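Engineer: Quick one: structure below, then a few questions.
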Amino acid sequence: MSIAMPAPNQDVIARGPQIVAALQAVLPADAVIHDPQETRAYECDALTAYRCPPLAVVLPRTTAQVAAIMRLCNDMGVPVVPRGAGTSLAGGALPTADCVILGTMRLRDVLEIDTDNRFIRVQSGITNLAVSAELESHGFFYAPDPSSQLACTIAGNIAMNSGGAHCLKYGVTTNNLMGATVVLSTGEIVEMGGPEAGPDGLDMLGLFCGSEGQLGVVTEAILRILPRPEGARPVLIGFGDAEVAGECVANIIRSGVIPVAIEYMDEPCLRAVESFAKAGYPTCNAVLIVEVEGSADEIADQIARIREIADALNPVEFRESRNADEAAKIWKGRKSAFGAMGKLGDYICLDGTVPVGQLPYTLRRIGELSREHGLEVANVFHAGDGNMHPLILFNANQPGDLARAEAFGNDILRLCVEVGGCLTGEHGVGIEKRDLMSTQYAPDDLAIQMEIKDLFDPQWLLNAAKVFPLQASAAHRGRAAE
Amino acid sequence: MSAVQDLLAPTTEAELAAIIADRRRPLRIIGGGTRVQLPPGDDMMIDRLTTTRLSGVVTYSPGEMTLIARPGTPLPEIEAMLAAEGQALAFEPPDLRGVLGGHGAPTLGGMVAANASGPRRLMAGACRDHLLGVRFVDGRGRVIKNGGRVMKNVTGLDLSKLLAGSYGTLAVLTEIVLKTLPHLPARATLVFADMNRAQAVRLFSTALATPFDVTGAAWRDGTAYLRIEGLEKQLIYRRDRLLALLAAHAPQVLDDAATTALWRGLRDVTNFAGSDAPLWRILAKPTDAPAICTALHALGGATSLDWGGGLIWYAGPGSAAQVRALAPHATLIRRAGLTGPAFPPQTGPLARLQSGLRQTFDPAGLLNPGLMDA
């Protein structure tokens, strides 16, 4: 438990009953939760080591209600922590004792599906998977597919600029977001972007996407939709040497074939998957799963090209899937990897990105760091775009083990920055990587970002004490509190 | 007549930062000078700072699909270097010299500053979608970096998107990181003659709802065009499926070379290069485009369509007020004597935030004053 949060504002906590009464006055009775038994359900997100029940939880159903909440909290000086489904692995939705949690989960209507103009307009609390499910009968889909897509909301996806396994071809949230209705800290409602290709002036939507709840709350979104591909098929390639697998990734990308996904699993991960999921993967040091899309002939043509590239590197195995059953088998191990790792013990899941060419070196260094820290690590990640997800295993019941795992994780993230990458590819900074920001950004790089926060949220009430290192943001938060 | 003002040409980021930090008077930031029309006599009124000597490629890694280069690097040089590795800038930046009458060489920095994106934006996204990171000097002379050189990066606020399309009004770019993609080896065009705009947009909506990766959907002079690209076998398959689907319209097929030439012309809006009427770039919901065009024609002039109808080019005598009443998302690209704001005027809280952002980046208003009407 090495990540500190600033002391909550006791004055706000003391005014708790008044704040709840004021919220109840502007919202339906069932939209305000303040019973400590019930607010506990919101005390953490998927970074479960950190917990803190909020002052109250509000669950609005309309943009107007969100605006009323924001105006009220702004007037009363109450911190607001926006929350989608609470699936953040970075503590992005971690409450503070003096905050109101603004949950988007009841904003879940589909407002418009327009296949002629290729967009869907939704309320932001709808889940990622529900969006694609809505589109299925129209022959379309929404491309970003974070692995939490069953639960996670579009609001959270926009706040974190979420990715997924298929962004090698389709990009991340920011590349598939056309417009957003945003409620500002003042309670004002603004439209950023729209159903037409934008922007008109400065790209406000581009700035907002991925701003982790620092600049406002999104209540509606216009998402770009794509026609569903005719088919997709994975191949599995096993290598005796992790570095050769990394070389294979770079060679595929260079060849002109753009797979929709290239996933990588290393030996510790393969061992766990074999023990618990019995996926029947080859015994080797690295497995790649490469998926291509198109018609049957297009797929065959692309797989032939990939085989040629792989064969030149002497793989242990090159396994094609001839039908849906075999395709599912190839994906089975990858899809069960996180669950399988969970059976080995507790783990923390990291999210750094490195340039693809640095993958072999980075993997080797992670192995060395694993021995230095005395903790096991497994790697399973999106190799095509260099977005790594090292899983560090530890024992939560052993005092000090989490702190050791966090220290190891920080070393890995520093390594990612050192080789030219970044701290987070898709999970966001939240509290988890907040104090590491200074390894990637110099003081002025952070200063201008915090000045933009000053502009959108002069009182620093929105998800404050996240994203920016506490020390660096202290002056901004202090000024705002005056 | 007063003398031509100073021309500053820093050769390093540090030199640029020092110039701006000491600066009291505004600066006109110029790359190749090919993407905006400056008012006559602009060079008599305001000192110029050119990025042409902040030039050169820092790193190009085809296997990582990334290019890092300085803003003054000529775009043709970049395109040739990428082509030699079988790659390209997928967003197909247009060359507007023919339309705007510029004579310089387009630069990488100018391309990003204008978020210049051609017909393939429809499928591949805009320039800003391929911008992975930037270094820049802001209006206070601070050297700042944002983003990086990797494809997935959500570390902190995304200022790269904000700088793309900001026309040098927030900061001067000093380093640009772009995603490069394989140059699709084969291409063809389906040509649909005798189509009005409404028929064309319906055709586009049909074609763009197929999984056949249409990479261009444009209309001009009564003809609609669909472009397909891909690996050789993909191309044949996609072409044949689209021909079957759209057989009722009896399309003709253009080969690779003819396709390349045609789409270069569509990209660069050559149909309006010869005219001296004001030229507007109008963004619309594609299915709204035909009605907007009909209304614009009532003002006189001509239109063409790109991005499946999402982009309308209008060259004609309509006044700014008339054009904006019909199409609120209209930007004046070639003034031809028209005065007033070039960009769609913003109102309300968004206008306040945009002006606040300008204050944040450039509190003294040094950088490209007036270029985005602010």
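The values are calculated or read from the model by the stated rules, or taken from the named source; none is laboratory data. As the structure is a computational prediction, the values presented were derived from the model and not from experiment. As a convention, Cβ positions derive from the backbone with ideal geometry for all residues, glycine included, and neighbour counts pool all protein chains shown. Accessible surface is based on the protein model in full, side chains and every heavy atom, while ligands, DNA and RNA are left aside. Shrake-Rupley method; radii C 1.70, N 1.55, O 1.52, S 1.80 Å.
Engineer: Could you tell me whether region A:123-140 includes any residue that is within 14 Å of another protein chain (Cβ to nearest Cβ) and either buried (at least 22 other Cβ atoms within 10 Å of the Cβ) or part of a strand (DSSP E or B) (or both)?
Structural biologist: Looking through region A:123-140, at least one residue is within 14 Å of another protein chain (Cβ to nearest Cβ) and either buried (at least 22 other Cβ atoms within 10 Å of the Cβ) or part of a strand (DSSP E or B) (or both).
Engineer: Right, something else. State all residues of region A:177-206 that are assigned to a strand (DSSP E or B) and acidic (Asp, Glu); if no residue qualifies, say none.
Structural biologist: Within region A:177-206, just A:Glu191 meets the criteria.
Engineer: Any idea which residue in region A:95-113 is nearest to the chain's Cα centre (by Cα), counting only those that are open to solvent by 10 Å² or more (accessible area, probe 1.4 Å) and of a type in the set (A, V, I, L, M, F, W, C)?
Structural biologist: Looking at residues that are open to solvent by 10 Å² or more (accessible area, probe 1.4 Å) and of a type in the set (A, V, I, L, M, F, W, C), I get A:Met105.
Engineer: Restricting attention to region A:183-202, report how many residues are facing another protein chain (nearest Cβ under 7 Å), without any contact (Cβ under 8 Å) to a residue 60 or more places away in the chain and open to solvent by less than 10 Å² (accessible area, probe 1.4 Å).
Structural biologist: Count: 2.
Engineer: Then there's this: Tally the residues that are part of a loop (DSSP other than H, G, I, E, B) and among the hydroxyl-bearing types (Ser, Thr, Tyr), restricting the search to region A:35-52.
Structural biologist: 2
Engineer: Follow-up. Based on this model, can you work out whether B:Asp276 counts as part of a loop (DSSP other than H, G, I, E, B) and either assigned by TED's automatic domain parsing to the domain that holds B:Gly102 or on the phi < 0 side of the Ramachandran plot (or both)?
Structural biologist: Values: part of a loop (DSSP other than H, G, I, E, B): yes; either assigned by TED's automatic domain parsing to the domain that holds B:Gly102 or on the phi < 0 side of the Ramachandran plot (or both): yes.
For B:Asp276, the condition - part of a loop (DSSP other than H, G, I, E, B) and either assigned by TED's automatic domain parsing to the domain that holds B:Gly102 or on the phi < 0 side of the Ramachandran plot (or both) - is met.
For (1) surrounded by fewer than 23 Cβ atoms within 10 Å (Cβ to Cβ); (2) among the aliphatic types (A, V, I, L, M), each residue gets a yes or a no:
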| site | (1), (2) |
| --- | --- |
| B:Ser160 | no, no |
| B:His183 | yes, no |
| B:Gly222 | yes, no |
| B:Leu254 | yes, yes |
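Engineer: Please name all residue pairs, on different chains or six or more residues apart, with Cβ atoms under 9 Å, provided the first residue is in region B:154-169 and is at the interface with another protein chain (Cβ under 7 Å from one of its Cβ atoms) and under 22 Å from B:Arg28 (Cα atoms) and the second residue is modelled with pLDDT under 95 and surrounded by fewer than 24 Cβ atoms within 10 Å (Cβ to Cβ).
Structural biologist: What qualifies is B:Gly165/A:Gly201; B:Ser166/A:Gly201; B:Ser166/B:Met372.
Engineer: Go through region A:65-88 and count every residue that is charged (D, E, K, R) and under 20 Å from the mean Cα position of the chain (by Cα).
Structural biologist: 1
Engineer: If we keep just the residues of region B:247-257 that are of a type in the set (A, V, I, L, M) and touching a strand residue (DSSP E or B) at 6+ places or on another chain (Cβ under 7 Å), which is farthest from B:Phe192 (Cα to Cα)?
Structural biologist: Within region B:247-257, the match that is farthest from B:Phe192 (Cα to Cα) is B:Leu254.
Engineer: Out of the residues in region A:277-298 that are part of a helix (DSSP H, G or I) and open to solvent by 10 Å² or more (accessible area, probe 1.4 Å), state the one that is farthest from A:Asp325 (Cα to Cα).
Structural biologist: It comes out as A:Asp297.
Engineer: Right, another one. Does region B:209-219 contain any residue that is more than 14 Å from B:Pro290 (Cβ to Cβ), open to solvent by 20 Å² or more (accessible area, probe 1.4 Å) and among the aliphatic types (A, V, I, L, M)?
Structural biologist: The answer is yes, given that some residue of region B:209-219 is more than 14 Å from B:Pro290 (Cβ to Cβ), open to solvent by 20 Å² or more (accessible area, probe 1.4 Å) and among the aliphatic types (A, V, I, L, M).
Engineer: Which one is surrounded by the most Cβ atoms within 10 Å (Cβ to Cβ) among residues in region A:227-245 that are in a helix (DSSP H, G or I) and touching a strand residue (DSSP E or B) at 6+ places or on another chain (Cβ under 8 Å)?
Structural biologist: Only one residue tops the list, namely A:Ala245.
Engineer: Follow-up question, since we're still on this one. Can you tell me which residue in region B:65-101 is modelled with the lowest pLDDT, limited to those that are open to solvent by 20 Å² or more (accessible area, probe 1.4 Å), out of contact with any Pro (no Cβ under 7 Å at 6 or more places or on another chain) and of a type in the set (Gly, Ala, Ser)?
Structural biologist: Top of the filtered list is B:Gly101.
Engineer: For the condition of a type in the set (Gly, Ala, Ser), surrounded by 22 or more Cβ atoms within 10 Å (Cβ to Cβ) and in contact with a Leu (Cβ under 9 Å, 6 or more places away or on another chain), what is the one hit in A:Gly421, A:Gly425?
Structural biologist: Going through A:Gly421, A:Gly425 in turn, the sole match is A:Gly421.
Engineer: Just for helices (runs of 4 or more DSSP H) wholly inside region A:335-421: which have at least 3 residues that are within 14 Å of another protein chain (Cβ to nearest Cβ)?
Structural biologist: Values: elements: A:337-344, A:359-373, A:401-418.
Here the list reads A:359-373, A:401-418.
Engineer: Could I ask something else about it? Can you work out which of the residues in region A:428-442 that are without any contact (Cβ under 8 Å) to a residue 60 or more places away in the chain, within 8 Å of chain B (Cβ to nearest Cβ) and buried (at least 19 other Cβ atoms within 10 Å of the Cβ) is nearest to A:Ala4 (Cα to Cα)?
Structural biologist: In the first step, residues of region A:428-442 are kept if they are without any contact (Cβ under 8 Å) to a residue 60 or more places away in the chain; the result is A:436-442.
From the residues that got through so far, the ones that are within 8 Å of chain B (Cβ to nearest Cβ) too are A:437, A:440-442.
Of the ones still in play, those that are also buried (at least 19 other Cβ atoms within 10 Å of the Cβ) are A:437, A:440-441.
Values: A:Met437: 15, A:Gln440: 20, A:Tyr441: 20 Å.
Here the residue is A:Met437.
Engineer: Given the conditions (1) open to solvent by less than 20 Å² (accessible area, probe 1.4 Å); (2) more than 9 Å from chain A (Cβ to nearest Cβ); (3) more than 15 Å from the chain's Cα centre (by Cα), which single one is not true for B:Leu108?
Structural biologist: Condition not satisfied by B:Leu108: (3).
Engineer: Out of all the residues in region A:53-84, which are in a loop (DSSP other than H, G, I, E, B) and either in contact with a His (Cβ under 8 Å, 6 or more places away or on another chain) or surrounded by fewer than 23 Cβ atoms within 10 Å (Cβ to Cβ) (or both)?
Structural biologist: A:Pro53, A:Leu55, A:Leu59, A:Arg61, A:Thr62, A:Gly77 - these are the residues of region A:53-84 that are in a loop (DSSP other than H, G, I, E, B) and either in contact with a His (Cβ under 8 Å, 6 or more places away or on another chain) or surrounded by fewer than 23 Cβ atoms within 10 Å (Cβ to Cβ) (or both).
Engineer: Would you mind telling me which numbered condition in (1) of a type in the set (A, V, I, L, M); (2) open to solvent by less than 50 Å² (accessible area, probe 1.4 Å); (3) in contact with a Pro (Cβ under 9 Å, 6 or more places away or on another chain) B:Ala9 fails?
Structural biologist: Single failed check for B:Ala9: (3).
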